[in-house]
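Participant: Handing you this structure, nothing more for now.
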Amino acid sequence: MFAQVVLPLSSYQSFTYQVPAHLQAVIKAGRFVSVPFRRRSVTGVVISLHSVSPFKGKIKDVAAVREDPAALPRDLWATLEWVSRYYMTPLGMVLKAALPLGFSQKPGLRQQTVVSITSAGRQALIDWSRRAPVQRAILTNLSDRTDAVPVASLTKVTAGASAVCRRLARQGWVTLDVQDREADPLVALPVSEHKHVTLGKEQEAALAAITKARKTGEFTPFLLQGVTGSGKTEVYLKAARDVLAEGRSVLVLVPEIALTPQVAQRFRAAFGRQVALWHSHLSTAEKAWTWRQLLKGRLSVVVGARSALFAPLPNLGLIIVDEEQEGSYKQEDPAPRYHARDVALVRGKFAKALVLLTSATPSVESYYNGLTGRFTNVELTQRFGGAAYPRVRLVDLNVERRRTGNYRLVLSEVLVEAIRARIERHEQVILLQNRRGFAPISGCNDCGYTATCPNCAVSLTYHKGPQTLICHYCSHTAPGPEACPECDSPHIYLHGVGTEQVEELLNQLFPAAAVVRMDADTTRRRGAHQRILQAFADGRYDILLGTQMIAKGLDFHNVTLVGVINGDTGLSLPDFRSGERTFQLVYQVCGRAGRHRDKPGEAIIQTNHPNDTAIKAAARLDSHRFYNQVLAERKELLYPPFSRLIRLLLQGQDSENVWRTAQELRSRLIPSPKGMTLLGPASAPFERLRGLWRVHLLLRSSRELDPGGQRLHRYALSRIPRTWHIRSQKGVRLKIDVDPVNLL
Ligand code: ADP
Ligand code: ZN
Ligand code: ZN
């Protein structure tokens, strides 16, 4: 018998091994095996078994079959193979990304010996006539318990507990067992109470539609669109309850690791210990424990970030993708560059599970799929409990600057007065400034020098705290600007506004108010994110100021004002999705105000572009109108969802080489067939990052002629040599990004 084995290598090859007789009964497709490879022992996954060898060379033996309790679920296998094909990445690399623990030789699982008393032991205790008080004490201790006890815990009884237990075992009075030590990441969280809710009318209708579709047993994707606070989570909790009652399992994806504990807690309150947490920041022991419990079928709900999509949950019945529009669902590097929302739909199809995407502001693609009937739409239009949506005001910064003669205006009078009123009434304020640091641009007034990164074609951001210039792409640092490094002039200017600067201004304007800043710089430490939000929820701060990370998260009942310092940040980025992102962010953050019926909210958006489609629609809280306009634009320009894209990004240290390779790639791809277009090569918007020059090409096919994108794929695969996928060509590396989210 021969096994084809995939190894975690950047190679499209699989390898043939002979299966020795003693392993033939246990080996199966989907199981982890240890095999010799280049004089090392490597873990791989069996993809198929054969009676004749497909390989003619010298063949080595499989060394061992790993004793993981079970093979991976079939739908997961099919999904992983699909990811490998669709995202043009070797299966070994997909497995490495998806099953990080599957491949580690030592999964980091801590084990412990447990002991339990036998019936002979109980009898011995009754008839006890010997000396040996220590043995007696231990038996007595064990006789009170029904389940096995870690031997280590018996050191309370006696110091040499493990030697005593071994002696008792030889007598047949106790049994010893080795068990996985519990490392459940959810144990550390406080258990919140599950409230029994009766769904409202809209919620009930949404659930009924979902249940009806589920009963057909067919694969059905749903888009649950509802403003924040409309009770979407309560709806999917109920749907999950039904699915679990049928003995099937549930996967819940949330966009950010920081948000997973909150959602997991709500699930744990409802469903108890069958709920697991999964994300990339778990410790190895926690991951190993969860992984084993999953394969043993002991857990039936997994809540996690992007990679939780590949949790080996058997018998999947429901996949929820919360806030499906979030960019964090897209894996950028390393390959596979998959989109967890799209792959969730694929896994759902293989598992015949219901897939439920939820959002207040869906991605344009999903909205379009809802319109055209690929997804079933359900909508919640009301906030739960009758809270009204906030009143939104737009402030035109151009007008304000002219009126006040202050051309460096950061906070308009309207916004300042609104903040002042809240502080006086002891209500809270959330302010969004989606840029960290003090000022994003600095330079010399005398010689024209600007501070740019030596490795990247971007300016350095001035951070006032540490008095340094920092590159937000490669983390290069330089001393803060006291004098010009070119001409020694002391006339340094700072341009643009970051969170640090807003914080300083707020402290000057409102010396009595407590301001807390939340951005990547203040949330480096583990748990910092959670601590800041909790302190704000407890009322220890009046103003929460931050980057986009404040747009999501907790419900703050006392927040009655949301201010957007500059709604245009990000709007000018040369990416066709920048308007969509701006709309989503501004709309979301406005939704943080006035979550309580008796405290109506207000939002103030400052902007330089009051007539921009995205800004205007967000200010009107009118999502349908926004999507209709954007769809019209995308249709005209043939952008997704009206086309499919593959981005080919070339990177290398030598600019000339990169361009030459790009031209060569182009010549392989033209003339492109009907319905397909090749754009570029062109410099990427960030033409140099981390010391590498960047040139890209876009391959596009129209949805009309290529609805599933198969033609585009086949074409790219036939024209780009496989070796280009996995190895650099003369120092130039090709990155293939299928359905790119980011074109910068
Ligand atoms: P969303 O996920 O849409 O932001 P949630 O499901 O978190 O909304 O609901 C917002 C708040 O309203 C939560 O505190 C939730 O418990 C509460 N809620 C929602 N629906 C109900 C209901 N039918 N009965 C009681 N409370 C509800
Ligand atoms: Zn100068
Ligand atoms: Zn840099």
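The values are calculated or read from the model by the stated rules, or taken from the named source; none is laboratory data. These numbers come from a predicted model, not from an experiment. A quick note on method: Cβ atoms are made from the backbone with ideal geometry, for glycine too, and the neighbour counts reach across all protein chains shown. Remember, those area values only see protein heavy atoms, side chains included, never the ligands or the DNA or RNA. Shrake-Rupley method; radii C 1.70, N 1.55, O 1.52, S 1.80 Å.
Participant: So, by mean Cβ neighbours within 10 angstrom, what's the order for 15-26, 281-292 with the highest one leading?
Facilitator: Details: 15-26: 14.5, 281-292: 19.1.
Ranking the peptides 15-26, 281-292 by packing returns 281-292, 15-26.
Participant: Also: For segment 111-180, give the magnitude of the charge dipole about the Cα centre (Cβ charges: +1 Lys/Arg, -1 Asp/Glu; no others), in debye to the nearest 20. The partial results should precede the final answer.
Facilitator: Working: 9 positive and 5 negative charges, 80 e Å.
Charge dipole of segment 111-180: 380 debye, to the nearest 20.
Participant: Between GLN112 and GLN710, what is the spin-label point distance in nm, taking each point 7 Å from the Cα along the Cα→C-beta axis?
Facilitator: For GLN112 paired with GLN710, the spin-label model returns 5.4 nm.
Participant: Which distance in nm do the two modelled labels at LYS58 and ALA21 give, with both placed 7 Å along the Cα-to-Cβ direction?
Facilitator: Modelled inter-label distance: 2.4 nm.
Participant: Here's something else I'd like to know. Apply 1/(1 + (r/R0)^6) to the Cβ-Cβ distance of ASP538 and ARG425, taking R0 = 22 Å, and write down the FRET efficiency to the nearest 0.05.
Facilitator: Result of the calculation: an efficiency of 0.75.
Participant: How large is the helix-only mean residue ellipticity at 222 nm for the chain, computed as the sum of -39500 (n - 2.57) over DSSP H runs with n ≥ 4, divided by its residue count, in deg cm²/dmol to the nearest 500?
Facilitator: The per-residue figure over the chain is -9500 deg cm²/dmol.
Participant: Right, another one. In square angstrom, what is the accessible area per residue of the chain with a 1.4 angstrom probe?
Facilitator: 45 Å²
Participant: THR146 to ASN445: extension gain in nm, 0.36 nm per residue of separation minus the Cα-Cα distance?
Facilitator: Residue separation times 0.36 nm, minus the Cα-Cα distance, leaves 99.7 nm.
Participant: Still on this model: First compute the accessible area of segment 440-495 with a 1.4 Å probe, then give the percent of it belonging to carbon and sulfur atoms. All intermediate terms of the calculation are to be shown ahead of the outcome.
Facilitator: Details: 1450 of 2970 Å².
The nonpolar share, carbon plus sulfur, comes to 49 percent.
Participant: Moving to a separate point now. Sort segment 236-309 into rounded, prolate or oblate with this rule: let a ≥ b ≥ c be the square roots of the eigenvalues of the Cα gyration tensor; rounded if a/c is under 1.5, and if a/c is not under 1.5, prolate when a/b is larger than b/c, oblate otherwise.
Facilitator: Oblate shape, in that a/c is at least 1.5 and b/c is the bigger or equal ratio.
Participant: Compute the helix-to-body angle for 623-637: its Cα long axis versus the longest principal axis of the chain, expressed 0 to 90° and rounded to tens.
Facilitator: 80 degrees
Participant: Just to confirm a number: summing +1 for Lys and Arg and -1 for Asp and Glu over residues other than HIS339 whose beta-carbon lies under 11 angstrom from that of HIS339, what do you get?
Facilitator: In short, -3.
Participant: Using the Cα centre as the reference, give the magnitude of the dipole from point charges on the C-beta atoms of the chain (Lys, Arg: +1; Asp, Glu: -1; all else neutral), rounded to the nearest 20 debye.
Facilitator: Using only the charged Cβ atoms, the result is roughly 2960 debye.
Participant: Let's test the formula: R0 of 25 Å, r as the Cβ-Cβ distance of LYS156 and ARG273. What FRET efficiency results, to the nearest 0.05?
Facilitator: On the way: r = 26 Å, r/R0 = 1.03.
About 0.45, to the nearest 0.05.
Participant: Between ALA512 and TYR407, take the C-beta separation as r, use R0 = 30 Å, and let me know the FRET efficiency to the nearest 0.05.
Facilitator: That gives a FRET efficiency of 0.55.
Participant: Just report the Cα centroid separation between segment 190-246 and segment 473-487, whole Å.
Facilitator: 53 Å
Participant: Moving to a separate point now. If you take every residue apart from ARG214 with its C-beta less than 13 Å away from the C-beta of ARG214, what net charge results, scoring Lys and Arg +1 and Asp and Glu -1?
Facilitator: On the way: positive: LYS212, LYS215, LYS238, ARG241, ARG248, LYS352; negative: GLU218, ASP242, GLU246.
Net local charge, ARG214 excluded: +3.
Participant: I would also like to ask the following. If we sort 365-371, 151-157 on the protection proxy, mean other Cβ atoms within 10 Å, highest first, what's the order?
Facilitator: The densest-packed peptide leads the list: 365-371, 151-157.
Participant: Something else: Can you tell me the 0 to 90 degree angle between the C-alpha axis of helix 133-143 and the longest principal axis of the chain, rounded to 10?
Facilitator: Result, in degrees: 60.
Participant: Still on this model: Distance from a point 7 Å along Cα→Cβ of SER34 to each backbone N in segment 6-28: keep the residues under 20 Å and list them by number.
Facilitator: 6-9, 15-28
Participant: Follow-up. Could you check how much of the accessible area of segment 2-98 is carbon and sulfur, as a whole percent, using a 1.4 Å probe?
Facilitator: Summing carbon and sulfur atoms, their accessible area is 55 percent of the total for segment 2-98.
Participant: What is the dipole size for segment 458-600, taken about its Cα centre, with +1 at each Lys and Arg Cβ and -1 at each Asp and Glu Cβ, in debye to the nearest 20?
Facilitator: 780 debye
Participant: Within a Cβ distance under 12 Å of LEU409, other residues only, what is the Lys/Arg minus Asp/Glu net charge? If you can, show how the numbers build up before the last one.
Facilitator: On the way: positive: ARG401, ARG402, ARG403, ARG408; negative: ASP396, GLU400, GLU413.
Within the 12 Å Cβ shell, the charges total +1.
Participant: Separate question: Please list, in order, the residues from segment 426-466 whose amide nitrogen is less than 18 Å from a point placed 7 Å along the Cα→Cβ vector of PHE686.
Facilitator: Flagged as within label range: 434-442, 451-463.
Participant: Obtain the nm distance between the two label points defined at SER578 and ASP555 by a simple spin-label model: each point lies 7 Å from its Cα along the Cα-to-C-beta direction.
Facilitator: It is 3.7 nm.
Participant: Mind checking which of GLN274, ALA308, ILE257 is farthest towards the positive end of segment 223-323's charge dipole, using Cβ charges of +1 (Lys, Arg) and -1 (Asp, Glu) about the Cα centre?
Facilitator: GLN274
Participant: Once the Cα atoms of helix 340-351 and of the chain are each reduced to a long axis, what angle between those two axes, in degrees from 0 to 90 to the nearest 10, is obtained?
Facilitator: That works out to roughly 40 degrees.
Participant: Ignoring ligands, DNA and RNA, what percent of the 1.4 Å accessible area of segment 253-408 is carbon and sulfur? Present the calculation step by step, with values, prior to reporting the outcome.
Facilitator: Details: 2720 of 5590 Å².
Whole-percent figure for carbon plus sulfur exposure: 49.
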